[in-house]
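Chemist: The structure follows.
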Amino acid sequence: MSDFTNSIEIIRLEALAAIAEAAEAEGLEKIRVEFLGAKGRLTDLARKVGSLPAELKPSAGQAVNQAKETVAAAHRDRLAAIAAQKKRGELLDITLPGRKPHPGHRHIIYRTMTEICDVFAKLGFSIVEGPEVETDYYNFEALNFPADHPSRDMQDTFFVGDKLLLRTHTSPVQIRTMESTKPPVWIVAPGKTFRRDDDISHSPMFHQVEGLVVDYGITMADLKGILTAFATSFFSPDTKIRLRPSFFPFTEPSAEVDIACVLCRGQGCRLCKGTGWLEILGSGMVDPALYQFVGYDPGQVSGFAFGMGVERVAMLKYGLSNIHDLYDGDLRFLGQF
Ligand code: PHE
């Protein structure tokens, strides 16, 4: 490369570096004049081509012209970029109020589950948890389900392997707790449960809070007393409850527990289907058959258990009609709670 083309290259690079660094139109104009103006450094070189030896003229002339074009193009692009940036700046209205961040909060299901557990914690219950993937033994067998019980059917239960399933209720925690602790037992067990069920009031995944008390001299009056304390504390101080005979393989006798309708207070309305009552949980006295599985002496201890649906309770408390609203993740809905 001749000294001449060498100096073209140096000036070209200097010009491009200066253009890239220019932050505003005025500075850019000075750079344009310095390199491309009538007395600019590249213009100057172009003029000198005429005095070069004849054999160097064509290539030197071409190199200068190319350098001028490159620098002019870089100048044009940078000018456009500076103009665009300025326009964006003008669009930023600093008098507008700031945008509020939207901090998240605990989901209504999780909150309801916590509120339920808090009531029982104040009554002296401990909170324990169990696995969501359970064995047939804990979910059914040790809970005294006969081998041909319909809920063992593929229709209701999600099986994940031979004798391995997603727990259909939180009651297996009863067995696990009794296996690992001696009476007295006063526990609640919140958690996820799973059933093949899906409509306006059922979801394949839902939540329960299980309760278990095994102690000396526990009777059904204790069950009713504790559940009355729960209902009046969780819903409202004047909430009435009633027990209706029912059946569960692991409790005997068993009872469904209703609360007086939260809407009509027992008069009868659409929510309670005219009955004045709303079912909130299943319960009963622990069937002595269970004590054999866990090594408790039925002659010594007695107890009661209950299991309540968290979604059901949340829907009653907040007047919701579709369980799926709880899971859709629509922040306009969830933000209300
Ligand atoms: N596990 C029962 C259910 O899911 C509820 C229940 C729990 C009933 C404890 C009685 C005692 O329907």
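The values are calculated or read from the model by the stated rules, or taken from the named source; none is laboratory data. This one's a predicted model, so the numbers in the text were calculated from it and none came from an experiment. Reconstructed Cβ throughout: ideal geometry from the backbone, glycine too, with neighbour counts over all protein chains shown.
Chemist: In the range 290-337, what residues are farther than 30 Å from VAL185 by Cα and at pLDDT 95 or above?
Modeler: Of everything in the range 290-337, nothing turns out to be farther than 30 Å from VAL185 by Cα and at pLDDT 95 or above.
Chemist: With the requirement that a residue be farther than 20 Å from GLN208 by Cα and small (Gly, Ala, Ser), what does the range 93-148 give you?
Modeler: Result: GLY98, GLY104, ALA147.
Chemist: Quick test of your reading of the structure: GLY89 fulfils all but one of (1) surrounded by 13 or more Cβ atoms within 10 Å (Cβ to Cβ); (2) free of Cβ contacts under 8 Å to residues at least 40 places away in the same chain. Name the failing condition by number.
Modeler: With respect to (1) surrounded by 13 or more Cβ atoms within 10 Å (Cβ to Cβ); (2) free of Cβ contacts under 8 Å to residues at least 40 places away in the same chain, GLY89 is out only on (1).
Chemist: Would you pick out the residues in the range 186-226 that are polar (S, T, N, Q), under 22 Å from VAL286 (Cβ atoms) and not in a strand (DSSP E or B)?
Modeler: THR219
Chemist: Select from the range 151-184 the residues that are among the small types (Gly, Ala, Ser) and surrounded by 14 or more Cβ atoms within 10 Å (Cβ to Cβ) and write down the one among them that is nearest to the ligand (Cβ to nearest atom). Give the derivation first.
Modeler: Initially, the range 151-184 is screened for residues among the small types (Gly, Ala, Ser), giving 151, 161, 171, 180.
When the remaining residues are screened for being surrounded by 14 or more Cβ atoms within 10 Å (Cβ to Cβ), the result is 151, 171.
Numbers: SER151: 9, SER171: 4 Å.
Within the range 151-184, the match that is nearest to the ligand (Cβ to nearest atom) is SER171.
Chemist: At least 2 residues that are in contact with a Pro (Cβ under 6 Å, 6 or more places away or on another chain) in each: list the helices (runs of 4 or more DSSP H) lying fully within the range 47-145 that qualify.
Modeler: Numbers: elements: 57-91, 108-122, 136-139.
Here the list reads 108-122, 136-139.
Chemist: Only one of MET285, MET220 is within 13 Å of the ligand (Cβ to nearest atom), over 23 Å from SER180 (Cβ atoms) and not acidic (Asp, Glu). Can you tell me which?
Modeler: Values: MET285 fails: over 23 Å from SER180 (Cβ atoms).
Every option except MET220 fails the conditions.
Chemist: Just one of (1) part of a loop (DSSP other than H, G, I, E, B); (2) within 16 Å of the ligand (Cβ to nearest atom) trips up PHE306, so point out which.
Modeler: (1)
Chemist: Moving to a separate point now. What are the residues in the range 236-258 that are buried (at least 19 other Cβ atoms within 10 Å of the Cβ) and either among the aromatic types (Phe, Trp, Tyr) or modelled with pLDDT under 95 (or both), if any?
Modeler: Across the range 236-258, the qualifying residues are PHE248, PHE250.
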